[in-house]
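Chemist: Quick one: this structure, given as structure tokens, is what I'll be asking you about.
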Amino acid sequence: MSNLFSFNQREHGIQIDSGKQENATNAAFASLRIALKNFFSTYHVSERYISIERNKIQREDEERLAGYLSYQEKYLQTIFHFHHFMELLIKDELRLINPILAVKLETNNGRFIMDLINKGIDSGKITNQTVEFMVAVKRLKSLANSENKLADIVKKYDKILSDLNILRNRAWHRGTYVLLYSELDRFIGSNVLPCILDCIESSVYQGSEKYWKYKSPKINLDPITKIIQATSKESINYSEVAFYKAVGLAAYNIPWEFRTLGKYKRAAERKAEAILGSDGYEVLECFVCGEKSLVTYREDDWEYDDQYQPINGWWRIYEVECEECGLKMDRSLGNPKEYGIEIPDLWLGEED
């Protein structure tokens with residue numbers, strides 16, 4: 001007997017509806033989470049290949065980074081899934097007005113379609129195929145200045161949605177085409193994220209944060225809001241943006257509240273303490289998840305006298321990593337106080 005899997009949609013798989021927000025597509029929230037996680041992850045894949053120095057990144061470094069598959073994967077997932085989220089959001093809004101608006105017809109003018117609906121549209125012109133992204137945008141945009149708030153928002157962000165669609169199509173249909181690291185920061189931070197937040201607030205997706213957003217970090221900041229603010233400045237500090245991306249990615253890994261019994265410690269705390277068994281490590285309370293599991297990694301170089309006492313040397317913390325939420329960053333980002341984040345300096349060190 002063959003073990004070849006023959007898919008049958010009546011027998012295989014299950015439909016997941018639990019936790020679904022009314023009139024919203026579950027896949028939209030999954031896509032938004034995937035897009036944000038991959039955008040946040042671009043900092044980590046860049047660490048080995050580019051030097052992020054405040055408001056300057058060498059273009060030749062960015063071009064080299066763009067050639068690596070690790071960056072391309074994160075970039076493509078970011079663009080594809082932001083695009084997919086917006087497509088589903090707009091189609092769900094069209095369906096809420098009238099289901100016919102979301103399917104393929106001979107016209108894409110929303111007002112004309114509504115007139116046809118009111119007059120009694122010919123059912124022979126209706127298909128089960130939903131419209132493509134820019135057709136959905138065009139239909140909703142044509143309903144601007146009506147009672148639908150999202151139509152006016154979509155009209156406001158028409159250029160950004162068009163750019164997102166172009167980037168998606170260029171990557172999908174014409175081989176690998178990517179924005180450079182700093183260009184992606186600017187496009188997502190100053191264009192896409194404000195668009196998405198405004199669209200959510202003005203659509204049927206309003207109040208859906210629990211389905212797609214990370215838990216609030218212990219330091220009480222919102223990485224998305226901070227990235228929007230940082231990329232809206234005339235001179236962008238890419239180290240600051242990278243800091244918020246690292247925090248945002250870790251915030252998705254903050255565990256749900258649970259209690260250990262008796263004297264038993266959390267696994268992350270035990271692992272962090274095990275690492276402490278080697279010289280040059282210290283464990284701090286993580287400013288994202290709040291657990292005592294943030295390991296600091298130290299490097300040093302010393303000369304020694306005849307009694308093997310250290311002289312003429314230096315030491316410094318070069319990286320931190322949390323064993324609970326996975327927060328990871330290196331000293332190139334600078335201390336958080338430089339961005340107005342009031343936590344103790346991370347990048348300690350001294351020279352003799």
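The values are calculated or read from the model by the stated rules, or taken from the named source; none is laboratory data. Here the structure is a predicted model, which means the values were calculated and not measured. Every residue, glycine among them, receives a Cβ derived from its backbone with ideal geometry; neighbour counts consider all protein chains shown. Heads up: the accessible areas ignore ligands, DNA and RNA and are worked out on the full protein's heavy atoms, side chains in. Shrake-Rupley method; radii C 1.70, N 1.55, O 1.52, S 1.80 Å.
Chemist: Collect the residues in segment 143-160 that are part of a loop (DSSP other than H, G, I, E, B) and buried (at least 19 other Cβ atoms within 10 Å of the Cβ), keeping them in residue-number order.
Modeler: 143, 148, 157
Chemist: Here's something else I'd like to know. Could you tell me which of the residues 164, 140, 193, 197 is in contact with a His (Cβ under 6 Å, 6 or more places away or on another chain) and under 18 Å from residue 88 (Cα atoms)?
Modeler: On inspection, the qualifying residue turns out to be 164.
Chemist: Now for a different question. Pairs only if they're at least six apart or on different chains, beta carbon under 7 angstrom, first in segment 74-86 and open to solvent by 10 Å² or more (accessible area, probe 1.4 Å), second modelled with pLDDT of 95 or more and hydroxyl-bearing (Ser, Thr, Tyr); list them, first residue then second.
Modeler: Within 7 Å, the pairs are 74/41; 74/42; 81/31; 84/31.
Chemist: Which of the residues spanning segment 216-227 are over 14 Å from the mean Cα position of the chain (by Cα) and among the polar types (S, T, N, Q)?
Modeler: Across segment 216-227, the qualifying residues are 216, 220.
Per-residue answers, yes or no, for (1) assigned to a helix (DSSP H, G or I); (2) under 17 Å from the mean Cα position of the chain (by Cα):
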position	(1), (2)
186	yes, yes
197	yes, yes
207	no, no
211	yes, yes
214	no, yes
229	yes, yes
233	no, no
236	no, no
240	yes, yes
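Chemist: Sticking with this one: Exactly one of (1) at pLDDT 90 or above; (2) surrounded by 19 or more Cβ atoms within 10 Å (Cβ to Cβ) is unmet by residue 24. Its number?
Modeler: (1)
Chemist: (1) in a strand (DSSP E or B); (2) at pLDDT below 90; (3) open to solvent by less than 40 Å² (accessible area, probe 1.4 Å): which one isn't true of residue 268, the others all being true?
Modeler: Checking residue 268 against (1) in a strand (DSSP E or B); (2) at pLDDT below 90; (3) open to solvent by less than 40 Å² (accessible area, probe 1.4 Å), the one that fails is (1).
Chemist: Filter segment 302-334 down to the residues that are touching a Phe, Trp or Tyr at 6+ places or on another chain (Cβ under 6 Å) and over 20 Å from residue 48 (Cβ atoms), then identify the one that is least open to solvent (accessible area, probe 1.4 Å).
Modeler: Per the criteria, the residue is 313.
Chemist: Search segment 286-309 for residues that are β-branched (Val, Ile, Thr) and pair each with any residue that is open to solvent by less than 20 Å² (accessible area, probe 1.4 Å) and assigned to a strand (DSSP E or B) when their beta-carbon atoms are under 8 Å apart and the residues are at least 6 apart or on different chains.
Modeler: 288/322; 295/283; 295/320; 295/322; 296/283; 296/317; 296/320
Chemist: Let me ask something else about it. Conditions first: (1) under 16 Å from residue 205 (Cβ atoms); (2) modelled with pLDDT of 95 or more; (3) basic (Lys, Arg). Residue 74 passes all but one, so which condition is the exception?
Modeler: Condition (1) is where residue 74 drops out.
Chemist: Still on this structure, please answer the following. Do you know which residues across segment 183-194 are without any contact (Cβ under 8 Å) to a residue 60 or more places away in the chain and among the hydrophobic types (A, V, I, L, M, F, W, C)?
Modeler: Of everything in segment 183-194, those that are without any contact (Cβ under 8 Å) to a residue 60 or more places away in the chain and among the hydrophobic types (A, V, I, L, M, F, W, C) turn out to be 187, 193.
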